[in-house]
1. Roughly how big is the range 182-363's charge dipole about its Cα centre, with Cβ charges of +1 (Lys, Arg) and -1 (Asp, Glu), in debye to the nearest 20?
2. Would you mind computing the Rg to Rh ratio of the range 20-177 from its alpha-carbon coordinates, Kirkwood style for Rh?
3. Work out the FRET efficiency for Arg225 and Arg85 from their Cβ-Cβ distance, taking R0 = 56 Å, and round it to the nearest 0.05.
4. For the chain, set up a GNM with springs between Cα atoms under 10 Å and report which of Gly216, Gly321, Gly206 has the largest fluctuation.
5. For helix 127-141, what angle does its Cα long axis make with the longest principal axis of the chain, in degrees from 0 to 90 and rounded to 10?
6. Computed over the Cα atoms of the range 203-276, what is the ratio Rg over Rh, Rh following Kirkwood?
7. Could you please state, rounded to a whole Å, how far the C-alpha centre of the range 7-43 is from the C-alpha centre of the range 95-134?
8. Per 10 Å bin, what percent of the C-alpha pairs of the chain does each bin hold, from zero upward?
Amino acid sequence: MKRQPRVVHLTTVDMSLVLLLLPQLVAFREAGYEVIGVSAPGPYVTQLEDAGIRHVALEGSTRSADVRADLVAAREFVRLCRRLRPDLVHTHNPKPGVYGRIGARLAGVPHVVNTVHGLYAQPDDAWRKRAVVYGLERAAATFSDAELLQNPEDLPVLRRLRTPARKLQVLGNGVDLARFDLDRLAPQRAEVRRELGVGDNEVVVGLVGRLVAEKGYREVFEAARALRHTHPRVRFVVVGPTDTDKPDAITTDELAAVAAATGLRHLGARSDVERLYLAMDLYVLASHREGFPRSAMEAAAMGRPVIATDIRGCRQVVDHGTNGVLVPVRDPVALTAAIARLADEAILRASMGAASRRKAEREFDDRRQIRVTLDVYERLLGAHGGSR
């Protein structure tokens, strides 16, 4: 009897394996693959293993900008591949997307797939950054069999970089609509708002994501300060972990100062975000860079209007004027005005929220991404046959 094909998914940290990929990993396992997650060790490993996904630690992996550490991680990954002998390596995130593709081939892995969660440079970035990012991306893509693009706006960029068309596949992005099911969860809204100490007449503006400046938190903080005086009924709730490995991390001292000045509440990392979306009246994502933002899709699935910056990724979630509002990046004045408008107009919030759920049902069902990925695996590996 042929053994199950062994597929390794490589990310920087264990949080990505759980929060971004876990439903997919479980679906791949159920489809007949042996699935192994590889990342830095961390607190999410238990949750991964509880779902039946084996984890192997990559001790050298780090989110910090440290080239030497990345080279250590790359060498470690090559050794790991030689030990595990996977039939296919599937890479994610910018750094492991580069060294993982190259390292897997150097280790003799027969098939390599990469998911482009969003190119780390955009057309308006400085040319030096674009040169480095695009150069590394083009070089790494020579080592893969398939490049799965979450965002269609990255497709023309990769074509210009002369990535072979046969490798490019638009994957899209999605969430578990059964988990983020507004109809199922709606009766809990009053209970969740009571838990958060939110009054019936207050408008909750929610944010979910790592606390780094790149996510637009400082623009949101400015909006919160301005609205504290003009719209005292508006409450800001932030859900997400600190990220001290990043140079643009929002410090706990900065967060405490904002909370004292505005009443903003930070709930930290939570595993029940679907319940917390219920308490929100509108959702904000003021990011400077995104690939295809999961939190905005989750908020849309939960029937919330979304205010987001007019950038790649956010444009795929927000249809301006229909299910939310797009504002210029790094523009706290425009962000404040958009929040104020939706805070004042309950009927508009309701209509945009309903449009969000409809859009999520049409476009953000993660079962499509699972099917596309499985089709790629089957094309490369055969229906259920490992190559070794």
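What follows draws every value from the coordinates through simple rules; no lab data is involved. These numbers come from a predicted model, not from an experiment. FYI the Cβ positions are ideal-geometry reconstructions off the backbone, even for glycines, and counts take in every protein chain you see.
1. 240
2. Values: Rg = 15.7 Å, Rh = 16.5 Å.
When Rh is taken as the Kirkwood radius, the ratio is 0.95.
3. So the FRET efficiency works out to roughly 0.50.
4. Gly321
5. 40
6. Result for the range 203-276 is an Rg/Rh of 0.95.
7. If we compute the Cα centre of each part, the gap is 19 Å.
8. 5, 23, 32, 25, 12, 3, 0, 0
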